[in-house]
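Remarks on the structure that follows.
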Amino acid sequence: MSHTPLPRRTWTVREVAEMLGIPYETTLDTVKRDMRWVRAGRHYLVPVEEFERFLAGDQHDGNPT
């Protein structure tokens, strides 16, 4: 039986840091301050749409979704 993976809907802070090419701690501060995020246990997750919005320059106050 073939299994098609579901598309990713969130990125971890570490993945966002790698995509931006900046340190993890800087990314974590930026995520908390400027992006909407969700928490899964001790992990912060950034929705793909939110990351794209951030890259487009549309600012947010950092409150969780």
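The values are calculated or read from the model by the stated rules, or taken from the named source; none is laboratory data. In this text the structure is predicted, and so the values were computed from the model without any measurement. Quick reminder, even Gly has a Cβ in these numbers, built from the backbone with ideal geometry, and neighbours come from all protein chains shown.
Summary table below
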| read-out | value |
| --- | --- |
| Number of positions in the stretch 1-20 that are surrounded by 11 or more Cβ atoms within 10 Å (Cβ to Cβ), farther than 18 Å from ALA56 by Cβ, among the aliphatic types (A, V, I, L, M) and more than 10 Å from the chain's Cα centre (by Cα) | 0 |
| Residue within the stretch 21-30 that is out of contact with any Ser or Thr (no Cβ under 9 Å at 6 or more places or on another chain), free of Cβ contacts under 8 Å to residues at least 24 places away in the same chain, loosely packed, with under 10 Cβ neighbours inside 10 Å and polar (S, T, N, Q) present | no |
| Residues that are modelled with pLDDT of 95 or more, in a loop (DSSP other than H, G, I, E, B) and in contact with a helix residue (DSSP H, G or I) (Cβ under 9 Å, 6 or more places away or on another chain), drawn from the stretch 1-36 | ARG9, ILE22, PRO23 |
